[in-house]
Amino acid sequence: MQRTITNPIFDDKVTFLKTSEETNGEYTLLEIELAPKGGNPLHFHTCYTETFTAKEGQLEVKQEGGKSKILQPGESYKVAIMEPHGFHNPNDDKITFHVKLEPGQKGFEDSIRIMYGLAHDGLADKRGLPKDLATNFILAEMGNMESPAFIFKLLSPLGKYMAKKAIKKGKKKELLEMYCK
């Protein structure tokens, strides 16, 4: 598998510095190069922490209630399990930061590979999300991610039902075969 993947929608780059497999499940370590004004919406993880460390440029770690922390190069912030967060590049230049997931998360690693692969294949929307609702929920389950957003909570029962049916029909296996080999 490639160590570095790109998302053509956002011009982002993720490098897998250490995978869960390489650390015997202890952690996953990613380096992310984020385009100007890039980022992701608030979300939370159900079974792992994330530590963000700014490497080049300032990194904004968004928090619930419109709060945020600006990390300078060398500074870190650890997000607890179930803590809503997101990240954002508030700058006009690309930034680089590390994300350490503890314990390691192969499912998260695979979900990012799939998401970026779908973007390359034109199967993601302008927000970088899969155009297929069931696939969105399959990836959320793989990455142990949920959103505090009202629309997610509203769609969650339907999306999880659709994902379960799609998994039974082989969709998850197909996505893993296409993007994670």
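So the check is Cβ under 9 Å with 6+ separation or different chains; which pairs have a first residue in region 62-78 that's without any contact (Cβ under 8 Å) to a residue 24 or more places away in the chain and part of a strand (DSSP E or B) and a second one that's open to solvent by less than 80 Å² (accessible area, probe 1.4 Å) and aliphatic (A, V, I, L, M)?
Q63/L42; Q63/V79; S68/V61; K69/L59; K69/V61; I70/A54; I70/L59; I70/V61
Can you spot a residue in region 114-125 that is within 27 Å of T23 (Cβ to Cβ), open to solvent by 30 Å² or more (accessible area, probe 1.4 Å) and among the small types (G, A, S)?
No - not one qualifying residue is present in region 114-125.
Can you tell me which residues in region 1-32 are polar (S, T, N, Q), surrounded by fewer than 14 Cβ atoms within 10 Å (Cβ to Cβ) and farther than 23 Å from L123 by Cα?
N24
Within region 50-60, identify whether any single residue is without any contact (Cβ under 8 Å) to a residue 12 or more places away in the chain, surrounded by 14 or more Cβ atoms within 10 Å (Cβ to Cβ) and not in a loop (DSSP other than H, G, I, E, B), and answer yes or no.
No; the residues of region 50-60 include none that is without any contact (Cβ under 8 Å) to a residue 12 or more places away in the chain, surrounded by 14 or more Cβ atoms within 10 Å (Cβ to Cβ) and not in a loop (DSSP other than H, G, I, E, B).
Exactly one condition in (1) touching a Gly at 6+ places or on another chain (Cβ under 9 Å); (2) open to solvent by less than 40 Å² (accessible area, probe 1.4 Å); (3) closer than 23 Å to L42 by Cβ is not met by G104; state its number.
In the conditions (1) touching a Gly at 6+ places or on another chain (Cβ under 9 Å); (2) open to solvent by less than 40 Å² (accessible area, probe 1.4 Å); (3) closer than 23 Å to L42 by Cβ, G104 misses (3) alone.
Could you list all residues from region 164-181 that are open to solvent by less than 50 Å² (accessible area, probe 1.4 Å), part of a loop (DSSP other than H, G, I, E, B) and under 15 Å from G117 (Cα atoms)?
The one that is open to solvent by less than 50 Å² (accessible area, probe 1.4 Å), part of a loop (DSSP other than H, G, I, E, B) and under 15 Å from G117 (Cα atoms): C180.
Could you give every pair whose Cβ atoms fall below 7 Å, whose first residue belongs to region 1-26 and is under 12 Å from G128 (Cα atoms), and whose second residue is exposed (fewer than 13 other Cβ atoms within 10 Å of the Cβ), counting only separations of at least 6 or pairs across chains?
I9/K126
Among the candidates I81, I114, which residue alone is farther than 14 Å from D12 by Cα and under 14 Å from the mean Cα position of the chain (by Cα)?
Exactly one of I81, I114 is farther than 14 Å from D12 by Cα and under 14 Å from the mean Cα position of the chain (by Cα), namely I114.
A quick yes/no check of all residues on (1) open to solvent by less than 90 Å² (accessible area, probe 1.4 Å); (2) within 28 Å of E21 (Cβ to Cβ); (3) without any contact (Cβ under 8 Å) to a residue 12 or more places away in the chain; (4) under 16 Å from the mean Cα position of the chain (by Cα):
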| site | (1), (2), (3), (4) |
| --- | --- |
| F97 | yes, yes, no, yes |
| E109 | yes, yes, no, yes |
| P148 | yes, no, no, yes |
| M162 | yes, no, no, no |
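The values are calculated or read from the model by the stated rules, or taken from the named source; none is laboratory data. For clarity, every value in this text was computed on a predicted model and none was experimentally measured. Cβ: placed from backbone, ideal geometry, glycine included. Neighbour counts: every protein chain shown. Areas reflect the complete protein model, heavy atoms only, side chains present, ligands, DNA and RNA absent. Shrake-Rupley method; radii C 1.70, N 1.55, O 1.52, S 1.80 Å.
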